[in-house]
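Please treat every number below as a calculation from the coordinates, not as lab data. Being a predicted model, the structure only gives us computed values, none of them experimental. Ideal geometry is used to build each Cβ from the backbone, glycine not excepted, and the neighbour counts take in all protein chains shown.
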Number of protein chains: 2
Amino acid sequence: MPSADTPSAIDCDALVIGAGPVGLFQVFQLGLQGVHAEVVDALPVPGGQCIELYADKPIYDIPAVQVCTGRELVERLLRQIAPFAPRFHLGQEVSALAPRDDGRFDLRTSAGQAFIARSVFIAGGVGAFQPRQLKVDGIERHVGRQVFYRLPAPALLAGRQVLVVGGEDAAVDAVLQLADASDEPGSTARPARITLLHRRATLTAEAGALARLQAHVASGLVHFEVGQILGLAQSDGEPPLLTAVQVIGDDDHQRHLATDLIVACLGVSPKLGPIATWGLALERRQLVVDAAHFETSTPGIFAVGDVVTYPGKKKLILCGFHEATLAAFAAAARLRPDQPVLLQYTTTSPRLHQLLGVATPAKA
Amino acid sequence: MPSADTPSAIDCDALVIGAGPVGLFQVFQLGLQGVHAEVVDALPVPGGQCIELYADKPIYDIPAVQVCTGRELVERLLRQIAPFAPRFHLGQEVSALAPRDDGRFDLRTSAGQAFIARSVFIAGGVGAFQPRQLKVDGIERHVGRQVFYRLPAPALLAGRQVLVVGGEDAAVDAVLQLADASDEPGSTARPARITLLHRRATLTAEAGALARLQAHVASGLVHFEVGQILGLAQSDGEPPLLTAVQVIGDDDHQRHLATDLIVACLGVSPKLGPIATWGLALERRQLVVDAAHFETSTPGIFAVGDVVTYPGKKKLILCGFHEATLAAFAAAARLRPDQPVLLQYTTTSPRLHQLLGVATPAKA
């Protein structure tokens, strides 16, 4: 790992790894302590499991919120933390973390962003969400050139025979985006052919999206195939060029689909990933923390939410909120060892009102 | 203490002491465990500190609730726990608690209600809110006959010279209630005279209430006096009869106010009270609990919220929510030792949906 001490490294008091609900509330509690946070998440948007796994499903056990969807919970938390203006670094994982001699930490993301952080908060949930991989022999060598796990830049799509693989919202949405781009007058991103391949005839997606897809299939703009990829056909060059996929259908009939570009939208699955390699004490792949400070075995590195274990731990969002709160108190004591960390109330503290950007009510 | 094993004793799985926000959320978490709760509180309404100390003041640190008043927080929690239909026993304190030989607990309130509870949850906050006492020599002997800490039954007020003491909402509201009762045609509760006594000329209450008071003072229905009670004038009988109070004004001028009945509305102050006498381990007047189960030194008696101490404890409502959650899991394990206590999610569990009275969404 190159030294993080380069001009581009971001020097910060707190780096929060994970922008799920607990990571977001960590930002809030750090904000109340006067500590600004940088936030890194593997997903392209904040929300973690709430967005990825149950965006539109109801949650009933957030205290004082009778019911909200995962998406609504994230929207509420984003509004709540807005006064603290966290900086988000999305679509990238923290791939490396190493302690420095000065007590701070060097961190680097998969996108090459470096940080020097005085404290680190791992709100990693069940791990970084990674696209589920297409399992076909020899596919790895094409990833990033002819195989993608999300829609590549439009320029790469123009004139290509594009095969979207998957049967849920993400796959349907990708096909609709391709079709919409093709439909635009004078579009330069028009693929030569758009095919959706799913192993079953049934797609699972939002009704409106399915209706639009149906219309595109009826008009011949989109082709829908039922089947699974058995193998790749490729040219002999170096690197080899992907030219087609061999598909086996429901009826065991095999066929070739001429293909220049595969976009696999098979959902995501969480991976604990690099976190397991940072030398922090683990127990059954959970980070071991103490229930008073939520600090890991490395002082200055805190951990909260589903990624941690301690006696009595329950993987509930509301427990993560508590954990993030105590972690913020402990971190504030570490960051400002010369100042007592006072418990102040948002109802009455002029200092907290100032941080929150709200008026302190006048005494009646 | 008489045996609680009388016909009127309520036999229950869980008794929650304290109807503040944490006590209310305790009911919710017990409900998710399938455990019904009885709730006792010293105040006449649920809400605890949220209602008594900051009903109309903003709270900013409830996760996912950008801002709400104390009253709104309580209303939200009451809606959330409604599916579990807790039974409230308000305006009474748990005055006695004793373990039974069968592992359950005998409890009795100041109103004489007895309980036999299999588990107890002390969500006692800063203690039971008690009316602040009027500090005047010899006043104790009149309490309940001529001195009250809230408005007595209308029959007691008829034809009396009533002195309301205090300068905030409760005192003003009491005077307005007396005035309204006097104004009703054919009222039998009309006092002979209504006087409000406050040590300063400035009253602190809601603007509308102050305006109505002003009108009653202008019409001569209510008299307003500035001063403090120095002593009581009373007859020689046994018990003696209170006849007047001696008052000293701002101007050091002393005077007598003929008085049959005093209603002191001086606010409330919390008292840990009987809880301290139940043999539970205390540390600086906080109940000692473990941070995994939130159980006190007596198995089966749990404690949560501001009344507890453990390493790292912060007196924040959101921490109490977490504590109540882990206490409910621990209690469920104790109440149903033969069944594993599973962590289920309100988003996905048909069992929790049934308990909450909501429909389980069909799979798409």
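Overview of values
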{"read-out": "Estimated vicinal HN-Hα couplings, Hz - segment B:31-45 in sequence order (Karplus 6.51, -1.76, 1.60; Gly, Pro = x)", "value": "x, 5, 8, x, 10, 7, 10, 9, 10, 10, 8, 5, 7, x, 9"}
{"read-out": "Average other protein chain Cβ within 10 Å of Cβ, residues A:118-131", "value": "0"}
{"read-out": "Efficiency of FRET from Cβ geometry, B:ARG71 and A:ASP290, R₀ 41 Å, rounded to 0.05", "value": "0.65"}
{"read-out": "Taking chain A and dividing mean pair separation by its residue count, relative contact order in percent (alpha carbons under 8 Å, at least six apart)", "value": "19 percent"}
{"read-out": "Cα gyration tensor shape for segment B:8-65, rounded if a/c is under 1.5, else prolate or oblate", "value": "oblate"}
{"read-out": "Averaged over B:311-320, number of beta-carbon atoms from partner chains that fall within 10 Å", "value": "6"}
{"read-out": "Principal axis box of chain A, alpha-carbon based, largest edge first, Å", "value": "72, 50, 43"}
{"read-out": "Net charge dipole size for segment A:1-115 [Lys, Arg +1 and Asp, Glu -1 on Cβ; Debye, nearest 20]", "value": "260 debye"}
{"read-out": "Alpha-carbon centroid distance for the pair segment B:267-311 / segment A:188-245, whole angstrom", "value": "63 Å"}
{"read-out": "Residue order, fewest to most surrounding Cβ atoms within 10 angstrom, among B:SER182, A:SER110", "value": "A:SER110, B:SER182"}
{"read-out": "Dipole moment magnitude, nearest 20 debye, segment B:133-265 about Cα centre, only Lys, Arg, Asp, Glu C-beta charged", "value": "140 debye"}
{"read-out": "Label-point separation in nm, A:ASP11 to A:GLN339, each point 7 Å along Cα→Cβ", "value": "1.8 nm"}
{"read-out": "Shape of segment A:133-265, Cα gyration tensor, a/c cut at 1.5", "value": "oblate"}
{"read-out": "For A:ASP137, inter-copy label distances in nm, listed shortest first [label point 7 Å out on the Cα-Cβ vector]", "value": "10.5"}
{"read-out": "Cα→Cβ-extended label distance, 7 Å offset, between A:LEU90 and A:ASP137, nm", "value": "4.0 nm"}
{"read-out": "Shape of segment B:194-253, Cα gyration tensor, a/c cut at 1.5", "value": "prolate"}
{"read-out": "Chain B Cβ-axis minimum, rotational copy A, residue and distance in Å", "value": "B:HIS322, 2"}
{"read-out": "For the protein assembly as shown, alpha-carbon Rg over 2.2 N^0.38 Å", "value": "1.23"}
{"read-out": "Extension gain (nm, one decimal) between B:HIS256 and B:ALA215, 0.36 nm per residue minus Cα-Cα", "value": "12.2 nm"}
{"read-out": "Dipole magnitude of chain B, debye to nearest 20 (Cβ charges: Lys/Arg +1, Asp/Glu -1, about Cα centre)", "value": "600 debye"}
{"read-out": "For segment A:133-265, share of DSSP beta bridges that run antiparallel, in % to the nearest 5", "value": "40 percent"}
{"read-out": "DSSP beta bridges in chain B [antiparallel fraction, %, rounded to 5]", "value": "45 percent"}
{"read-out": "Cα Rg, Dmax (largest Cα-Cα span) when computed across segment B:279-364, Å", "value": "16.0, 55"}
{"read-out": "Exposed-site-free run, longest, chain B (rule: trypsin sites (Lys or Arg not before Pro); DSSP loop; at most 12 other C-beta within 10 Å)", "value": "B:1-134"}
{"read-out": "DSSP beta bridge pairing in the protein assembly as shown, given as percent antiparallel to the nearest 5", "value": "45 percent"}
{"read-out": "Signed unit charges on C-beta, dipole axis of chain B, positive-most listed residue B:GLY127, B:ALA158, B:GLY208", "value": "B:GLY127"}
{"read-out": "Two-site FRET efficiency, A:THR348 against B:GLU168, from Cβ-Cβ distance with R₀ of 22 Å, rounded to 0.05", "value": "0.80"}
{"read-out": "Of A:LYS271/B:LYS313; A:LYS313/B:LYS313; A:LYS315/B:LYS271; A:LYS315/B:LYS57, pairs whose Cα-Cα distance is over 25 Å", "value": "A:LYS271/B:LYS313; A:LYS315/B:LYS271; A:LYS315/B:LYS57"}
{"read-out": "Förster radius 60 Å - calculated FRET efficiency between B:VAL45 and A:VAL45, Cβ distance, rounded to 0.05", "value": "0.90"}
{"read-out": "Nearest-ten-degree value, helix A:169-183 long axis tilted from longest Cα axis of chain A", "value": "60 degrees"}
